[in-house]
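> One structure follows; several queries about it will come next.
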Amino acid sequence: MASVHESLYFNPMLTNGVVHANVFGVRDWVTPHKMALLVLLSELGRAGPQLGLLERRRLNRLLLPLLQGPDMALSRLRKAIEECCPQLAGSVHIRLKLMAEGELKDMEQFFDDLSDSFSGTEPEVHKTSVVGLFLRHMILAYNKLSFSQVYKLYTALQQYFHKDEKKDGADENEMELTNPEELDGKMEKEELDGPLREEEIACSGPLSQKQAEYFLSQQASLLKNDETKALAPASLQKELNNLLKFNPDFAEAHYLSYLNSLRVQDVFSSTHSLLHYFDRLILTGAESKSNGDEGYGRSLRYAALNLAALHCRFGHYQQAELALQEAIRIAQESNDHVCLQHCLSWLYILEQKIFDSCVLLEHSVNKSLHFGLPYLASLGIQSLVQQRAFAGKAANKLMDALKDSDLLHWKHSLSELIDISIAQKTAIWRLYGRSTMALQQAQTLLSMNSLEAVNVGVQQNNTESFAVVLCHLAELHAEQGYFAAASEILKHLKERFPPNSQHAQLWMLFDQKIQFERAMNDGRYHVADSLVAGITALNSIEGVYRKAIVLKAQNQMSEAHKLLQKLLIHCQKIKNTEMVIRVLLSIAELYWRSSCHTIALPVLLQALALAREYSLQYLASETVLNLAFSQLILGIPEQALNILHMAIEPVLAHGAVLDKGCAMFLVAKCQVASAASYTPQKKIEALESAILNLNEAKTYFAKVDCKEQLRDVLYFQARLFHTLGKTQERNKCAMLFRQLHQELPAHGVPLINAFK
């Protein structure tokens with residue numbers, strides 16, 4: 001970490017009770033909070049033999065964050081000590097009271113007595129220990145203070161103590177006016193806040209170098225691994241501005257400001273902070289000291305590379321390409337192969353926006369392995385697998401490639417990439433329509449993340465891969481009709497990834513999609529239409545597709561057809577094959593509803609060819625079901641039954657509950673249509689088999705609360721029971737149908753003309 005600006009140490013000043021030592025080479029100073037810590041250490045040494053093992057262990061765990069963290073209020077410090085050892089907290093309070101209410105010579109005597117901790121054959125504190133170094137720094141800083149500075153320190157100590165006394169008095173008065181239930185709720189909230197959340201403590205005045213380094217490293221680690229435990233963006237920026245006010249050349253503070261601006265998608269502030277970081281890095285000479293004469297050029301090329309990555313993140317591809325070209329030029333001049341490999345990876349990302357090319361990516365993977373860059377090589381393999389998945393490669397080949405990358409992860413202990421690999425597998429199985437395999441991979445990642453702690457109380461499970469897996473898990477539960485479980489998962493996502501976090505858009509999109517599907521199933525098209533705007537803001541293609549579905553459900557066929565045709569052209573241009581197939585299926589349904597059954601067949605065959613070419617098994621099965629429905633409409637139900645046996649198994653094994661219900665409903669329709677040419681006995685058996693399939697379909701539709709489909713099934717069942725002469729069952733179905741029919745508006749389309 002770069003050194004704090006030296007003017008911080010050479011200019012004695014008093015800010016918010018902080019006295020700065022006018023000491024050359026000393027990077028710390030005495031504050032009232034640190035004097036309270038010195039009293040704690042002194043009392044701990046006195047009461048050492050009397051403390052139990054558990055109390056001593058708790059105090060030892062408490063000391064390190066207290067010594068490294070920023071200053072805090074005395075009440076908060078006292079509460080932290082009380083939780084470990086109430087007796088020691090009382091001793092510290094009495095000692096501080098005697099010193100604050102006594103005379104200046106009492107404070108002088110206290111610092112003189114601190115040196116005794118190092119004396120003797122078996123001293124209480126070793127000079128080279130963490131506590132020993134802290135004591136020596138404080139003693140040295142105090143001894144270098146002038147008399148006026150000592151007096152200011154004593155005055156600050158009195159203010160520090162009396163401020164706590166006034167707060168205690170106010171709390172006691174508030175307790176007398178508060179009923180016990182409210183008091184319990186308040187205490188629970190305070191316990192939840194916790195005394196050891198240093199990242200929530202406001203930095204009063206300038207920090208010392210060690211405090212600043214600890215604060216920055218802690219916040220950077222939390223932003224990477226557990227963003228919810230870091231300071232809020234506005235609070236963190238306020239603390240960074242406070243830090244930079246006293247030390248404008250602190251490069252690492254500028255970089256943390258850059259990361260903080262990325263959280264809120266502030267392109268101007270993030271660019272400003274990133275440029276300041278590299279400017280300060282060069283000015284302070286930190287790079288030159290560690291890398292010799294090469295340090296200056298190294299900072300320049302990595303500055304250009306980071307700037308290219310920043311522009312690419314915000315979609316400024318032309319600016320990103322210019323910055324990347326600059327980074328490549330400087331790296332080639334310096335013969336920096338590591339930087340060139342990073343540039344090559346980003347060059348592939350930029351080229352991918354224009355055309356699909358695996359050449360750059362394959363070259364990057366080979367070169368990364370050659371130069372011993374496993375992290376970069378693994379990311380290249382992951383990108384290559386993703387591209388091949390969209391290109392329709394077989395799943396077994398993709399899994400073999402991911403297995404090779406997993407070997408790199410385990411060999412080099414790249415835990416973050418292990419998570420990315422499992423999330424990638426989950427998404428690939430979802431793409432291919434294997435929901436069971438996707439569920440298994442999601443559960444694997446959720447189990448693995450709980451094994452590795454990045455820091456005390458921080459789990460590495462707030463990453464993008466974790467968010468992706470949880471979103472897929474919520475959607476899988478919603479598809480199976482477990483809406484309560486899906487809501488719980490989404491609630492957990494909202495807590496783990498707040499709306500201002502960088503991965504919040506993932507769960508926002510899935511949440512909107514699940515609400516949309518529920519509204520469509522329930523026949524509340526006005527609610528679904530209101531959700532389209534939110535989906536479009538997060539994903540424009542999904543939003544347009546959902547808008548077309550709403551228009552189709554509202555029987556606005558011409559508007560829906562125009563929208564789907566525009567979307568089809570756009571998706572074909574950007575090679576979004578999955579959406580192309582879904583759009584083709586929707587267009588075919590529009591043709592059915594318009595009684596253009598023969599025109600729908602070429603559209604369905606085109607969708608089936610694409611689904612098989614790109615190995616999208618589930619979409620292929622869904623297309624076959626649509627083809628079977630077309631054959632039923634065209635009067636060949638026997639042929640429709642034959643091809644249904646090809647497609648229904650994957651749907652029942654991996655499909656959503658709604659699709660399972662539609663498939664069973666279609667089977668029943670085909671059975672009834674085929675039974676027209678059967679003998680009377682065989683016809684009765686076929687109709688009874690159709691009723692059983694309708695019961696199964698009814699169960700599926702009820703699970704997702706799809707009332708329109710339930711109404712159609714009940715109508716169909718009532719007709720079949722009437723044909724079989726079962727009056728009681730017919731009347732029951734007719735009564736249930738009437739209830740739903742009165743609740744729902746009639747769609748005005750014949751029953752046979754709708755597959756879903």
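> So the check is Cβ under 6 Å with 6+ separation or different chains; which pairs have a first residue in segment 510-529 that's more than 19 Å from residue 491 (Cα to Cα) and a second one that's part of a loop (DSSP other than H, G, I, E, B) and open to solvent by 30 Å² or more (accessible area, probe 1.4 Å)?
521/705; 522/705; 525/554
> Output the residues belonging to segment 250-283 that are open to solvent by 50 Å² or more (accessible area, probe 1.4 Å) and in contact (Cβ under 8 Å) with a residue 40 or more places away in the chain.
264, 265, 267 - these are the residues of segment 250-283 that are open to solvent by 50 Å² or more (accessible area, probe 1.4 Å) and in contact (Cβ under 8 Å) with a residue 40 or more places away in the chain.
> Additional query: Given segment 91-202, what helices (runs of 4 or more DSSP H) lie entirely inside it while holding 3 or more residues that are modelled with pLDDT under 75?
On the way: elements: 104-114, 130-143, 147-177, 180-193.
Of the helices (runs of 4 or more DSSP H) lying wholly inside segment 91-202, those with at least 3 residues that are modelled with pLDDT under 75 span 147-177, 180-193.
> Out of all the residues in segment 87-146, which are among the charged types (D, E, K, R) and farther than 15 Å from residue 39 by Cβ? Break it down stepwise before answering.
Narrowing segment 87-146 to residues among the charged types (D, E, K, R): 95, 97, 101, 103, 105-106, 108, 112-113, 116, 122, 124, 127, 136, 144.
103, 105, 122, 127, 136, 144, listed by residue number.
> When you go through 617, 639 one by one, which is the residue that is at negative phi, of a type outside the set (A, V, I, L, M) and free of Cβ contacts under 8 Å to residues at least 40 places away in the same chain? Can you show your working first?
Working: 617 fails: free of Cβ contacts under 8 Å to residues at least 40 places away in the same chain.
Sole residue among the options that is at negative phi, of a type outside the set (A, V, I, L, M) and free of Cβ contacts under 8 Å to residues at least 40 places away in the same chain: 639.
> Failed condition for residue 72, given (1) part of a loop (DSSP other than H, G, I, E, B); (2) farther than 30 Å from residue 236 by Cβ, with all others met?
Answer for residue 72: the failing condition is (2).
> Any residue in segment 371-396 that is closer than 19 Å to residue 423 by Cβ sitting within a Cβ distance under 7 Å of a residue that is among the aromatic types (Phe, Trp, Tyr)? List the pairs, counting only those 6 or more apart or interchain.
If the second residue must be among the aromatic types (Phe, Trp, Tyr), the pairs left are 395/432.
> Name, by its number, the condition in (1) under 25 Å from the mean Cα position of the chain (by Cα); (2) assigned to a helix (DSSP H, G or I) that does not hold for residue 343.
Among (1) under 25 Å from the mean Cα position of the chain (by Cα); (2) assigned to a helix (DSSP H, G or I), the lone unmet condition for residue 343 is (1).
> Okay, moving on. Is it true that residue 443 is open to solvent by less than 40 Å² (accessible area, probe 1.4 Å) and under 28 Å from residue 620 (Cα atoms)? Step through it out loud before you land on a result.
On the way: open to solvent by less than 40 Å² (accessible area, probe 1.4 Å): no; under 28 Å from residue 620 (Cα atoms): yes.
So residue 443 does not fit the description; no.
> Okay, next question. Pairs needed: first member in segment 701-714, within 11 Å of residue 744 (Cβ to Cβ); second member anywhere, at pLDDT below 90 and small (Gly, Ala, Ser); C-beta distance under 6 Å; at least 6 residues apart or different chains.
Cβ pairs passing all conditions: 707/523; 708/523.
> Still on this model: Applying the selection to segment 231-249, what residues are in a helix (DSSP H, G or I) and surrounded by fewer than 21 Cβ atoms within 10 Å (Cβ to Cβ)? Break it down into steps so the answer makes sense when it comes.
Going residue by residue through segment 231-249, those that are in a helix (DSSP H, G or I) are 233-246.
233, 234, 235, 237, 238, 241, 242, 244, 245, 246 - these are the residues of segment 231-249 that are in a helix (DSSP H, G or I) and surrounded by fewer than 21 Cβ atoms within 10 Å (Cβ to Cβ).
> Related question: Looking only at segment 588-618, how many residues end up being under 37 Å from the mean Cα position of the chain (by Cα), in a helix (DSSP H, G or I), among the hydrophobic types (A, V, I, L, M, F, W, C) and within 25 Å of residue 657 (Cβ to Cβ)?
3
> If you don't mind, another one. Can we say residue 568 is within 32 Å of the chain's Cα centre (by Cα), farther than 23 Å from residue 705 by Cβ, in a helix (DSSP H, G or I) and among the hydrophobic types (A, V, I, L, M, F, W, C)? I'd like the intermediate steps shown before the answer.
Details: within 32 Å of the chain's Cα centre (by Cα): yes; farther than 23 Å from residue 705 by Cβ: yes; in a helix (DSSP H, G or I): yes; among the hydrophobic types (A, V, I, L, M, F, W, C): yes.
Spelling it out, residue 568 is indeed within 32 Å of the chain's Cα centre (by Cα), farther than 23 Å from residue 705 by Cβ, in a helix (DSSP H, G or I) and among the hydrophobic types (A, V, I, L, M, F, W, C).
> For segment 513-547, give me each residue that is of a type in the set (Asp, Glu) and either surrounded by fewer than 16 Cβ atoms within 10 Å (Cβ to Cβ) or under 25 Å from residue 740 (Cα atoms) (or both). Before the answer, list the steps.
Pass one, segment 513-547, residues of a type in the set (Asp, Glu): 517, 522, 529, 542.
517, 522, 529, listed by residue number.
> So, one more: Based on this model, can you work out whether residue 350 counts as out of contact with any Phe, Trp or Tyr (no Cβ under 7 Å at 6 or more places or on another chain), in a helix (DSSP H, G or I) and either farther than 26 Å from residue 426 by Cα or of a type in the set (A, V, I, L, M) (or both)? First the steps, then the outcome.
On the way: out of contact with any Phe, Trp or Tyr (no Cβ under 7 Å at 6 or more places or on another chain): no; in a helix (DSSP H, G or I): yes; either farther than 26 Å from residue 426 by Cα or of a type in the set (A, V, I, L, M) (or both): yes.
Here the answer is no, as residue 350 does not meet what is asked.
> Considering only segment 70-115, state which residues are over 29 Å from residue 215 (Cβ atoms) and surrounded by 18 or more Cβ atoms within 10 Å (Cβ to Cβ).
91
> Restricting attention to segment 40-59, which residues are under 19 Å from residue 136 (Cα atoms) and either in contact with a strand residue (DSSP E or B) (Cβ under 6 Å, 6 or more places away or on another chain) or surrounded by fewer than 18 Cβ atoms within 10 Å (Cβ to Cβ) (or both)? Even if it seems obvious, please write down each step before you answer.
Of segment 40-59, the ones under 19 Å from residue 136 (Cα atoms) are 40-46.
Listed by number, the residues that qualify are 45, 46.
> Can you name the condition, by its number, that residue 632 falls short on among (1) on the phi > 0 side of the Ramachandran plot; (2) crowded, with 20+ Cβ neighbours inside 10 Å; (3) not aromatic (Phe, Trp, Tyr)?
Only one criterion is unmet by residue 632, namely (1).
> Continuing with this model, one more query. All but one of (1) in contact (Cβ under 8 Å) with a residue 24 or more places away in the chain; (2) under 27 Å from residue 223 (Cα atoms); (3) surrounded by fewer than 17 Cβ atoms within 10 Å (Cβ to Cβ) hold for residue 469; which doesn't?
Here residue 469 clears every test but (3).
> Being without any contact (Cβ under 8 Å) to a residue 40 or more places away in the chain, in a helix (DSSP H, G or I), surrounded by fewer than 18 Cβ atoms within 10 Å (Cβ to Cβ) and more than 29 Å from the chain's Cα centre (by Cα): is that true of residue 492 here?
Values: without any contact (Cβ under 8 Å) to a residue 40 or more places away in the chain: yes; in a helix (DSSP H, G or I): yes; surrounded by fewer than 18 Cβ atoms within 10 Å (Cβ to Cβ): yes; more than 29 Å from the chain's Cα centre (by Cα): no.
No: the conditions fail for residue 492.
> Say whether the condition of being open to solvent by 50 Å² or more (accessible area, probe 1.4 Å), part of a helix (DSSP H, G or I) and modelled with pLDDT under 85 is met by at least one residue in segment 415-429. Spell out the reasoning first.
First, pick out the residues of segment 415-429 that are open to solvent by 50 Å² or more (accessible area, probe 1.4 Å): 416, 420.
Among the residues that remain, those that are also part of a helix (DSSP H, G or I) are: 416, 420.
Those still in the list that are modelled with pLDDT under 85 too: 416.
Yes, the conditions are met somewhere in segment 415-429.
> I need the full set of residues from segment 123-136 which are more than 41 Å from the chain's Cα centre (by Cα) and open to solvent by less than 60 Å² (accessible area, probe 1.4 Å), in order please. First the steps, then the outcome.
The first filter runs over segment 123-136 and keeps only residues more than 41 Å from the chain's Cα centre (by Cα), leaving 123-128, 132, 135-136.
If the condition is that a residue be more than 41 Å from the chain's Cα centre (by Cα) and open to solvent by less than 60 Å² (accessible area, probe 1.4 Å), then 123, 125, 132, 135 are the ones that fit.
> So, in segment 214-230, exactly how many residues are over 20 Å from residue 505 (Cα atoms) and open to solvent by 20 Å² or more (accessible area, probe 1.4 Å)? Even if it seems obvious, please write down each step before you answer.
The initial filter retains those residues of segment 214-230 that are over 20 Å from residue 505 (Cα atoms), namely 214-221.
So of that shortlist, the ones also open to solvent by 20 Å² or more (accessible area, probe 1.4 Å) come out as 214, 217-218, 220-221.
Selection size over segment 214-230: 5.
The values are calculated or read from the model by the stated rules, or taken from the named source; none is laboratory data. Computed from a prediction, not measured in an experiment: that's the story for all the values here. Every residue, glycine among them, receives a Cβ derived from its backbone with ideal geometry; neighbour counts consider all protein chains shown. Side chains included, ligands, DNA and RNA excluded: accessible areas come from the protein's heavy atoms. Shrake-Rupley method; radii C 1.70, N 1.55, O 1.52, S 1.80 Å.
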